[in-house]
Structures are given as structure tokens and as C-alpha cells.
Amino acid sequence: MGGMTGLLMALAVAGALLAVSLKNVLHAIFGLAVTLLAVAGLFVVLGSPFVGTMQVLIYVGGITVAMVFAVMLSTVVQTHQAESPWRRAGAAFVAVGFAVGVGLVIIGAGLPKGLAPALIEDAWSVRQLGTSLLGDYNVVFEVLSVVLLLAIIGAIVISRREEDVVTPAPAAAVEETHP
Amino acid sequence: MNLESFVLLSLVLFTLGLYAVMARRNLIAILIGIELMLNAASLNFMAFNRFLPVEDPTVGQLFVLFIIGLAAAEVAIALSIILVVYRERKRIDVDDITELKG
Amino acid sequence: MGTSGLLTYILLTPLAAFIATLVIPGRHTLAIKVANAFFAFVGLVLSVVVFTQYDLAAGGYQLMQDVPWVDSFGIRYTVAVDGVGVVLVLLNAIVFFTGVLTMWTLTLRVKEYFAFMALLVFGVFGVFISLDVFVFFFFYEVAVLPMYPLIAIWGSTKKEYSAMKLTLYLMVGSALLFPGLISLFVAGGSGSWNIEFLAAAIKNQPEFQVFVYPFVYVGFGILAGMWPFHGWSPTGHVAAPTAVSMLHAGVLMKLGAFGILRIAIGILPHGAEIWAPLFASTATVGIVYGAFVAMRQNDFKYVIGFSSVSHMGIVLLGLNTLTPDGTSGAVFQMFAHGIMTALFFSAVGFIYDQTHDRDIRHFGGLSKQVPVAAAFFIVASLCGMGVPGFASFWAEFLVFLQALASWPVLGVAALIGLVFTALYALRVLGKAMFGPANPSWDHLKDATPWAMVPRVILIGVLVLFGFFPSWILDIIHTATGNN
Amino acid sequence: MSHANLAVATLLAPLIAFFVALVFFRKKHDVAAGIAILGGLVSLVGSVWLLLDPAPAPELITAPWFEVGGIKLAFGALLDGRTLLMGAVVGLITMCVLVYSLGYMKHDPGKGRFFAFLGLFEWAMLSFSYAPNLLQGFIFWELVGLASFLLIGFWYEKPSAVAAAKKAFIMTRIGDVGMFVGLILLFGDVHTLDILEIGNIFAAPGLPEGVSAGRVELLAGLLFLGVMGKSAQFPLHTWLPDAMEGPTPVSALLHSATMVAAGVFLFARFHELFLDAPTMMTIILAIAVFTALISSTMAMAANDMKKILAFSSISQLGFMIIGLAAGSLFAGLFHLMTHALFKALLFLTAGAYIHEFGTNDIVAIGRAGGRKMRVTTLGLFAGGFALAGVPIFAGFWSKEVILGALHGPGAEVFLIGAYAAAFMTAYYTFRMIFLIVLPNTDSKAIVEEPAGSQGGHGPADHGHAHGAPKAPGTMRAPILVLSIGAVIAGLPFFGDAVAGLLGRPHEAHHAAITEMILPVAIVLAGVALAWLDFGGKKAPQRGIVAWFPPLERALKNRWYIDAFYRKTIIRFVNAFAALMYGAETRGFDGAGDALGRGTMKVGVSTAKSHTGRLPIFVGTAVAVLAIVSLSIALG
């Protein structure tokens, strides 16, 4: 199991590195997809195959594909945008500083060791998950569905071409067409 | 397999996401960074859910599910915004979008 | 007759007017005005009922209603009136009713205007009847906020500037007030916001009282036009449309003084004692200062604005004597000044509506051109000078009576200020109402009987209580501890 | 009829008349006038009846009014000698003036308003006179001032009238502030506002308990401030001559006979208190003598008939105060009564001349044929003789009592001053009479004021183009009535009655013939000098003052006192107001605005750092997080 976990972790990191460093956005999306798959695997490892499945379905199947489409729609030419080295260095500096800071805080706080003792496998079942989702957290679930609906509507509204609005030709130009 | 390794992985993914958001100019690349950060968070939820003695282990999973759902919504909106920006400017460069400057 | 809910009914009349205004389509302006006048009249009648029903022998808080609101924070909708509240509720009802009648000719965005005005009155009523500090503050803010749109939309003369200035000053006041009130709640044991409860709870914390008193006093004082934080008030008066000026100077400024009386002095008597010399001095400076600045103004409304600073100085001086008589005088002055200023603005508004000019140098001999309208202004001026026969005479008399006893030097200074009050008032009368007529205003129409109604009501009230001050003083006394 | 009913009717009739006339009949002039006269008649009958039927002891007729500030206040009337006398004087003069105004104001567009205001004045004045307590007194004292303001400024389109009204109100108010403080201090000391009680407290031998001698002096001084304002004593006297801008009946009623006497009456009312303050009484005496002197001198150079009478009013008020300050209640009040009669008379005659000829200038009146108005001229003689103090006429007796009261150790200086003032009074009175009655077109007298100086009024249209000029009957009747009064009112019979009424019979001292020689001689000397200057066929009609041009200029400018006030006090007040205005606009308000502007500027400059670039936002936020977390972890 340990080896599998290690592999998945390495894959996740490698995919992420690709995703943030590749110039071509399409390639970067593939890197992201690798990471997402690896994380899905880690979810399975952590005992929740259902969530892992969802991750694959929605993230890898939905989101990355949508991104690819977006890239296609906005022409490939635009995918190459070179950042200045200073910018990358600055970003890296800040990000690493953040990572070090947070890492140190985590270390300072200390983390519990080992697997939690009383694990009831039944509590991890999909059935339990469904009961919980539609039982105790029903309201959250409904709210989320509303959010999704609104997001869809919003996306449509925002990206709709304003085709109804026809800019009238200037009157003078119309005049000129008549002899 | 222990909690530290997952938290460390989560931190690395998050840092890489941050870096992408700050360094990249392409809006879609920035979106990729955001997804990485979201995944880092999800991973943390799952890991803590697994390694801490929680009463109801469904909570962590549900959180991840919600994050996934929200990510879907977020991407839908973000991509439509990107499309509009592209239509307006024929580019999707974050440095172009400075309407919020004071 | 069940009178227990009477106060709530009064509170609901402006709310009903507000809702009715929202429901009626905006194009039916007459219907909106009639609805407002109707509800204002109902409120007036109910206020008069409260005024006459108030049991003088029993005194204290009456017509109490107590309903929990936010129980976890101890907030309760507790309403009741004592002698001071009765008088001020009546004042507000009178000014609201006459204000609606005064704005009968409004044509610009009638619906929104009356909606905001009703909201403002709603807040004012709420303040005057609240016994719960939190509810008090809630209504206080409700009353203050509509001022911004009312001035910014329907005002004149630098209206955006004035509206912004007013809002900022009042927000500063609220910013001082809010922590002050919260600290009262905490110091009182975090159990209840009730005024009487807090007063009892904080009684034995003299250091705390001394510390928090200036916050509460200045916080309310800004709204009361306390010198040197009075700057918003004249500018606001000038910019506001007529009825808003009436409400603003007539009622809104009284909220501040009422807050000082009810909360600052009521809950923190020891703090009041320690700070009284300072605040009595600023009040006296305000009296004299307002009179002098008014002497140099050429805009009718600026003159009235600074006269308000001066007159509110008398109120604050009376409150700061911390004696029953001085307080009674201050409350009476609040009432008299409210009515008088309403009359002032109403008279000026009548002239301004026709001329769109308020520079006193551009007028002359208005007594000849519009005798009735000029008479209203003259009566208001006489009242402002404290001529006997008008309500304000008694108010000033009582305040000075006590001021001379409590702070002889300040009392004499304030009395000398009265000479200058007469000076600026007579200057306006001499320039605008008397003297050679300016022929360009010969065409002005005098007040029609319909336009006279609200003004005559105001004059009637002034004269009535000028000749029978005991009708109002007896009620005030029950609250201020006389007899 | 009971006294209570009479008093109520007397007090309320003018109020009702005022209200009804002003509110309902302002435009229906004759109805308004009728109502006002009816009200005046009721008051006249009531007040005279009360005077003729006095109760043996002071009567208190009151109804509880209200309780304020721990003071139980009753509204009503106190009927004792002083109030009865004052009330009857007010009732009589008001009635005469009301009737007179029928003719004088016949064609004035504001006639209805005028009569209503007269009603207001009478109500206030009577309520003040009969006031049983200080607070009622003060209220109506103020209302009298208000009525005066309204009546002086009656022709409100005339800027000078408005200015005069304002000046009168402000100057009396300055005095009122002092008086108000005095009242409150007095109340604090004796714990009562009841006038009778206060009188009794101070009448008792020695000082009242708990009141030091210095305190009494202070109280007296403060109360006298009010007297000074109302009765136009130096240095608050300058409003009275200006107040002649009002219609002449108003001058007759308010600014000579009754309202200005309110100050004197207040003094008399608190005579017991003042008697306990000997130092202040000496100061008051000095002020009164000085006032009488300077105002008499001013009258010597004036040509405006109303102004002459105004100056003489100031000086005669000074005489009344001299009498009171010399310790004789009777002297002051007796002179108040006779003065009211003859001064009202003089003003009414002046009004008749002005009404007829449209000018105030005595030289012009004389040349236009003033003496042809026989009844008016008869009134002029009666009033003038009384004013000058010609024996047998009213003024002679009352002035004689005053001068008699002044006898005593240390009073010589004041006595000399009073005699000088009496001499000048005789001189300027006869100067006026001679210039009107014996005009000399060849004389050097100069008409100073153009015709129609009673602006807005002008010569009335007379119904009699032919024959001798003649005032209307409504104007002649009051002149006749008052003429009789001016002749007989001073006779010892009346003097004794008044002294008895006031409870001071011993003060009505009947001087021996020998003691009268000096006053009579002085009056006759004044008359003789006036004859030399103005009366005789060859008289130059220039007057002695004209021999000294600087003096004449000074007198014409009223000793430059007004100019002095303008240059000092008024300028100071204006400068102070300007200073405050500057402090407001640039200081307090400016500071608020500056604060606002500063905040805006800070906001604008801060906003510039906001580049609107997403990476920078995120970077900044993350960098801050990094720094915070690092500082937590390392620190």
C-alpha cells in the first residue's frame, strides 16, 4: 500500500509541476489532469472510493474537458504567453515563503501520529454518505444545487453574444448610398 | 502512509497553485492554479478525516464533494468570463484586465 | 378603552403611511398626500389622546408594553412614556401633520419623498417611546438615515455637500454613541438593555460613569447641535426642503437632547455631575455664538439654522443644570423650539417656493406684499426672541431661572446672549419683512386659507402653551421630579 | 359691581378688542376702530371706577394661573393706591388717544391694524400696572415693549421707522436683562414674587433677614437697569427721540405718557426696596439729574416739534425719578400723573399741527399759520404752561413737590441741577410756543425739515379748503379734555387726594408762598429769556444756543452720544459678530470641511496604489500571510 501511495503522490506532484510550468496551456491542462487523477487515487487510498470516483467524473471528465474547449475556442495562438523571469522568480519567492511559513506553523502545531483508533468501517460506506448528504446536510446540498443552477445560468448570461443588439448604421452613411 | 505526508503533499500542491496564480499571464493557466489549490484543500479534508478520530467520518467526504461541486460552478463562470474577455480583446491575458484599478 | 397598545398604534401610524405610500402607484400623487395626511392626523389624534390620558397623579412611565425581541441579547421591545415622552410625541405628531400639509404642493418624486419622510417620523416616534437602549438606538438610526436622500434629492443650495456633511457628522456621533451604549450594557451585567435597569445597575460605578459619559453626551450632542459640533445643522437646514427642515430642526435635533436626558443623564447621573461645568459652558458658548453668527447671515435659512444652534444651547444649558426646573425648562424649550422652528421654516418655505430666493437683502416690505405669510414669520421671530405670550418664553424663563442659580456667570452670559438674539431676529425682520418693498416681488401671492392651516395650527400651539404653560409643564414635571 | 368683576373687565376688554380687531376686522377699518374704542371705554370706566371707589386696604383679585419653577403664579390685579392711580392714567390717556386716532389715522391704509395694536398696548400696560406679582409684571413689561416695537415701526415701509423700532426694542431689552437677573436674585432672597409682600418685607425697619446691605444695593441697581431702559434714562435714553418715527398718537400714548412711565412706575412699585439701598439711590439721583439736564439742553436746539417733546419727556421722566430717588413716592407718582396729562396733550396738539401742515418743524408750522387752529393752540398753551411749570398749571405743582423733596443735607448739587433743568424746560417750552404762535417771517429762524417729513403720511386731505385750518372734531375733543386736565390736575386738592391714595399724606407738603418764590422766579426767567429770543417783535428767533455754533452742533447731534455708541459699542458688536462668523466659516465649519477634504485626498492617493492587477493582489495577500505565518513560527 505504501508504494502505491508514494507513487500516487509523486504523480500528483509531477502533474502539478507540469501544469504550472508548461508554456502551452493545453499541455498544462494535461498536467492538471494527471494531478487530478492521482488525487482521485489518493482518495481511494484514504478509504473513500465514491469520492474518488466523483473526482474522476467531475474533475477529469468535466472540468478539464471544459477547459480544453475554452482553449480551443480562444484559439491556440493565445496559449503561448511568455512570462518574464522576474515575474516567475518573484512569484516563486512569495509562494515558497508562504509554504515555508505555513509549513513551520504546521510543524510548530504538531500533527497527530498514526491511524485514528476507532474506525468503524461501516461509517465509511456509500450508504452512510448518502444518508448523511440527504439527511443532516440536506440544506447544504440543496443550497449547492441552487448555486450550480445559478452558475449555469450566469455562465450563459455572461458568455451570450449580444446578437439582438444591432448597431444602426450612421444616418449619413445611409444617405450616401442613395444617389 | 501517515498524516504528515498528505499534509506535505497538500502544501506542495497549494504552493504550486499559488505560484501559477501569481506567475502566469494566461487566464486559463491561472484557473489551473486555482484548481490545484482546491485539490490541495480537498486532499487535506480527506486526510484529516481519515487520521483524526472524528465522530462522523462522512463530514470530510461531504466537504470534498461540495468542493468539487463548487469547483464545477466556479469553472463554468470563470470560463464564460474568459470567453467574454477574449471576445472583447482577442487575448486572454490577465495583465489586460485592470478595470478595478483605483 | 384599552390604552395599553396606544403607543404602538402611534408608532404604527407613520409606518402605515410609509406602506400606503409604497403601495399607491407613484402617479397618484394626490392619493399619496391624502394618505399621509390621514395617517399623520390619526397619529396626531392618538398623541393628543395620550397627552390627555396621561395620569398626572401617578407620574412615571405609563402605557407600558413589553415584548421580548432578541432574547439572547436581552433586547426587548419595551415602550412607555413619561412626562417628557408624552410632550415630545405630541411635538412630533404636530410637526409631522403640519409638515405633510406644508408639502402639499410638492411635485418632484412625491412617492419617494413621502416614503422617506414617513420613515423618518417612524424612527423619531420610536425613539421617544423606547425604554430599551438598544431599541432606542435602533430607532435613532432609522430616523437619522432618511435625512441623506431627503436632502440630497429634494434639497437646494449645495444639497449633496450638505447631505454628505450631515451624514458624516451624525455618523461620527453614532460612532461615539455605539461603543458607549454597548459599554453601558456590559457594565450593567449584560442582562438587559432596559433604561431603568441600567440606571440601577450602574449606579455604584462612579469611575465608569465619568469615563463613559462624554461619549454618550457628545454622541447625542452632535445631533442636538451642540457647539462646537454644530456645523452640520445650519448647512443641513439650508439645503433641506421645507418639511424636512421642519422635521429636522423641529424634531430630529430634539432626539439628541432627548438622548442626553434619557440616557446620558438618566443612566449616568454621577458622570453628568462631573462633566456638567464643561458642557454647560459649551452650551452657553453655543447660545451666544449662534446669535452672533446668525447676525452676519444673509440667507433666511442660515439665520434660522444658527438661531437653532443658539436655542438648542438653551436646551443643553437647562439640561446641564441637572435640576428639576432646569430640565423642565429644557424639555419645554425642546417643545417650543420644535414648533417655532417648524413655523419659521414653513413661513420661509412659503416665500421660497414662489421666489426661489432666500437672500434677505433681496427682499423688503414683505409685510405689505404678503401680509399673512409675513405675519407667520414675524410671529416665529417674536417667539424666538422669547416674547411673553409664546411658549418659548416660559421655557427660557425656567432655564435661566435655574441657570442663574446653578451657574451664575454662565446664566448672565446666556441672558446677555438674548439681547443679541433680538438683534439678529430684528435685523431680518427689518430688512425683509419691513422697509421699502422690492417691486420685483409685487406679484407674490399671499397665503391661501389652505396654506394657512398648518401655520395657524403651529401658531395656535405656541400661543396656547404661551398662555397656559402649566398644561404642559405639569406633565413634564412628573418626569423631571418636580413637586 | 364688585371690584373683582370691574378689574377683570378692565384687564380683559382691551385684549379681546385686540384679538377680534386683528384677526377678524383688520381690513374693515372702522369696525376695528370701533371695537378698539369700545374696549378702551370699558377699561376707562373700570379703571376710573376702581380709582374713585378705593378699598380701605390693598385688594388682591387673582385667579391661579399656573405653577412654574416652584413659583405659584396667579394672574390678576392688585388694587392699591399706586396701581389704581396708574391704571386710571393709562385708561384715560389711551381713551383720548383712541378717539384722537379716529381723525389722525383716518386715511391710513393700516388703520385696522393700528387700532388693534393700541388695544394690545393697553392690555399689556394695564396688566403691568395692576400686576400683583413680579412675574406678571415682567411678562407684561415685555409685552409693552413688544407693542411699542410694533407701533414705532407701524409705518414699516420707512427704513428709519424700522430702525427706530429695532433700536427701542434692543435698548430696552438691555435694561430688561439686568432687571430679569434682579428679579431672579430677589426671588432667591425673599422667596416670594408677590409685590405686596415684597413691599412689606422691605418696608419693615432694617434689612430683611439674610439680605445684606450690599445685596440690596445690587438688587436695586439691577432693577434700575430695567427702569433705565424703559424710562429712557442716560445712558439708555437714545431710543426715545428716534421712537418719534411712530405715528403721533403713538408718541403721545407710549413714548411720553404711559409706556415710558412704566419704568418710573416700577421704581415706585419697589420704592421700599430702593429706600433700603441709599448708595444706589444717590447714584440714581445723579443719573436722573444728569439725564434731565442733557435732555433739556438737547430740546433747546431742536426744531422738530415731536423731538422737542421727546427730549422734554426724557427730562420730565428724570424729574419723576429725582422725586422718587429723593425719597418721596408721592412726588414721583404725582408728577407721573400730571406729566401724562400735559405731555399727551402736547403730543396731540403736535399731531394736529402735523396732520394739518404736513411738517414737524415748529418754524414752518408757525409760518403756515399754526395759531389759526384755535382749539389746538389752546391745548398748546395749556400743555406748554404746565410743562414749563407756570404757576397754577399742573406741572407747576408736581414739580414743586419734587423740588421740595430734594431739600436736605447733601442735596444741594442735585437741587441746582434740577433748577437748571427747570429753567431750561421753561425756556425751550416757550421757544416752541413763541415760534408757533408768533411767527416772524423776517426772522432768522430757519425751517430745517422739508414738508412731509412724517413720511408715508403727508398732509391729510382736509375737507375745508376755505376758512381757518381746523382739526377734525375727533381730534379736538381729546385736546379739550386733556387741556382741562393740564390746567387743574395739579391743584392742591388733587395732590392731597393722590397723596392720600398712596398712603403718604405727609409728603404732599404745601409749601409756603415764600418757598415758591425761587421756583417761580426761575420759571419766569426762562420764559423771559425765551421772550427775548423768540417772542418779541424784534426777537431774532435764533436762540441763545446759536451764539455758540459748536454748542449748537453738539446739541443738534444730541451731544454725540448716538455717534459715540455707533463708533464704539455697535462697531464692537459688529466686529465681534464678524469674528464669530469668521470663526464659523473658517474655523469650526472650515475645520470640518478640511477634515472631509483631507480624508478624500488620502483616499484618492491610497487608491492609486491599487493597480487593478490580479497577480499583485494575490501576491500581496500571500506575502502578508507568509510574513504573518513566518513571524508566528519564528517568533
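Bear in mind that the values in this text are calculations on the coordinates, not laboratory data. Everything numeric in this text was worked out from a predicted model, so none of it was measured. Note: ideal-geometry Cβ built from the backbone for every residue, glycine included; neighbour counts use all protein chains shown.
What number results when the radius of gyration of region D:79-148, computed over Cα atoms, is divided by 2.2 N^0.38 Å?
Ratio of Rg to 2.2 N^0.38 Å for region D:79-148: 1.21.
Let a ≥ b ≥ c be the square roots of the eigenvalues of the Cα gyration tensor of the protein assembly as shown; is it rounded (a/c under 1.5), or, if not, prolate (a/b larger than b/c) or oblate?
Because a/c hits 1.5 or more and a/b exceeds b/c, the protein assembly as shown counts as prolate.
Going by the alpha-carbon gyration tensor, a ≥ b ≥ c the square roots of its eigenvalues, is region B:1-84 rounded (a/c under 1.5) or, if a/c is not under 1.5, prolate (a/b greater than b/c) versus oblate?
Oblate is the answer for region B:1-84, as a/c is 1.5 or above yet b/c matches or exceeds a/b.
How do D:114-124, D:171-181, C:464-474 rank on mean C-beta neighbours within 10 Å, highest first?
D:114-124, D:171-181, C:464-474
Over the whole of D:167-177, what's the average partner chain Cβ count within 10 Å per residue? Rounded to a whole number, please.
The shielding value for this peptide is 4.
Amide H of D:L60: which non-local residues (sequence gap of 5 or more, or other chain) have their own amide H closer than 5 Å, using H built in the peptide plane?
Under 5 Å from the amide H of D:L60: D:L79.
To the nearest 20 debye, what is the magnitude of the charge dipole of chain D about its Cα centre, counting +1 on the Cβ of each Lys and Arg and -1 on the Cβ of each Asp and Glu?
The calculation lands at about 2240 debye.
Which pairs in the list D:K167/D:K567; D:K230/D:K307; C:K445/D:K106 are over 24 Å apart, alpha-carbon to alpha-carbon?
Violating the 24 Å Cα-Cα cut-off are C:K445/D:K106.
How big is the gap, in Å, between the Cα center of region D:21-72 and the Cα center of region C:185-237?
50
What shape does region C:119-212 take by its C-alpha gyration tensor, where a ≥ b ≥ c are the square roots of the eigenvalues and a/c under 1.5 counts as rounded, a/b above b/c as prolate, and the rest as oblate?
Note, shape of region C:119-212 comes out prolate.
Taking R0 as 35 Å, what FRET efficiency do you get between D:Y560 and D:R374 from their Cβ-Cβ distance, rounded to the nearest 0.05?
0.30
In nm², what is the average projected area of the convex hull enclosing the Cα atoms of chain C?
The Cα convex hull of chain C, projected and averaged over all directions, gives 20.8 nm².
Given the DSSP H assignment, sum -39500 (n - 2.57) over each helix run of at least 4 residues in chain C and divide by its residue total; what's the result at 222 nm in deg cm²/dmol, nearest 500?
Rounded to the nearest 500, it is -23500 deg cm²/dmol.
How much FRET efficiency would the formula 1/(1 + (r/R0)^6) give for D:L625 and C:V48, where r is the Cβ-Cβ distance and R0 is 56 Å, rounded to 0.05?
Taking R0 as 56 Å, the efficiency between D:L625 and C:V48 is 0.30.
Under a crude label model (7 Å from the Cα following the beta-carbon direction), how far is C:L15 from A:A82 in nanometres?
Label-label distance for C:L15 and A:A82, simple model: 6.9 nm.
Can you give the local net charge around D:I170? Use residues other than it whose beta-carbon is closer than 14 angstrom to its beta-carbon, Lys and Arg +1, Asp and Glu -1.
The answer is +2.
For region C:166-270, what is the largest minus smallest coordinate of the Cα atoms on each principal axis, given in angstrom and ordered from greatest to least?
Computed over region C:166-270, the largest-to-smallest principal extents equal 45, 21, 20 Å.
Tabulate in residue order the Karplus-calculated ³J(HN,Hα) for region C:468-477, using 6.51 cos²θ - 1.76 cosθ + 1.60 with θ = phi - 60°, rounded to whole Hz; enter x for Gly and Pro.
With coefficients 6.51, -1.76 and 1.60, one gets 10, x, 5, 4, 9, 5, 4, 5, 4, 4 Hz.
Under the definition of partner shielding as Cβ atoms of other protein chains within 10 Å of a residue Cβ, what is the mean value for peptide D:532-545?
Average neighbour count from other chains, rounded to a whole number: 0.
Report the charge-dipole magnitude of the protein assembly as shown in Debye, nearest 20, computed about the Cα centre from +1 at each Lys and Arg Cβ and -1 at each Asp and Glu Cβ.
The calculation lands at about 3660 debye.
To the nearest 0.05, what FRET efficiency results for C:S72 and C:F178 with a Förster distance of 25 Å applied to their C-beta separation?
For C:S72 and C:F178, the calculated efficiency is 0.85.
How many nm is it between the label spots at A:L134 and B:V54, if each spot is 7 Å from the Cα in line with the beta carbon?
According to this spin-label approximation, the distance is 2.2 nm.
Hey, can you grab everything whose amide H is under 5 Å from the amide H of D:G490? Only 5+ residues off in sequence or another chain; H modelled, so Pro and N-termini drop out.
Amide H neighbours of D:G490: D:A394.
May I ask you to list the aspartates and glutamates whose Cα is less than 17 Å away from that of D:K538, ignoring any residue fewer than eight positions away on the same chain?
Output for D:K538: D:D442.
Under a plain spin-label model, where a point goes 7 Å from the Cα along Cα-to-Cβ, how far apart in nm are D:A525 and B:K90?
My value for the distance between the label points is 11.9 nm.
Need the C-alpha centroid separation for region C:32-95 versus region D:143-201, integer Å.
40
Over all directions, the average projected area of the alpha-carbon convex hull for chain D comes to how many nm²?
43.2
Cα centroid distance between region D:288-310 and region D:358-398, in Å?
So the separation of the two Cα centres works out to 16 Å.
Please provide three numbers in whole Å: the alpha-carbon extents of region C:1-64 along the principal axes, with the largest listed first.
50, 19, 16
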